[in-house]
1. Cβ-Cβ distance below 6 Å, separation of 6 or more or different chains: which pairs start in region 52-78 with a residue that is under 11 Å from residue 29 (Cβ atoms) and end on one that is surrounded by fewer than 15 Cβ atoms within 10 Å (Cβ to Cβ)?
2. Among (1) touching a helix residue (DSSP H, G or I) at 6+ places or on another chain (Cβ under 6 Å); (2) under 19 Å from residue 85 (Cβ atoms), there is one condition residue 69 misses while meeting the rest; what is its number?
């Protein structure tokens, strides 16, 4: 899906208030979250490269935090597919 902020998907399917935007950065796929219930989220958190998300998930595990790291919100396969589809559309 796409709107004025960019290309996005719903990281939690039952929550349409939360969107994950994706773009191709200079070296990596980048993610940025938007929440209609928390407009400051977009402003406070910039674009995050996939490699940084993976590193944060590893650190989360190493620190022994309870529960799984929230990496499930950042779906690299969906992001790549959306970006490929967008590229094909602009090529046409």
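1. Once the first residue is under 11 Å from residue 29 (Cβ atoms) and sits in region 52-78, no partner that is surrounded by fewer than 15 Cβ atoms within 10 Å (Cβ to Cβ) comes close enough.
2. Tallying (1) touching a helix residue (DSSP H, G or I) at 6+ places or on another chain (Cβ under 6 Å); (2) under 19 Å from residue 85 (Cβ atoms), residue 69 fails exactly one: (2).
Readers should treat all values here as calculations from the given coordinates under stated rules, not as data from a laboratory. These numbers were taken from a predicted model, which means no experiment stands behind them. For neighbour counting, all protein chains shown are included, and Cβ atoms are generated from backbone atoms with ideal geometry for every residue, glycine included.
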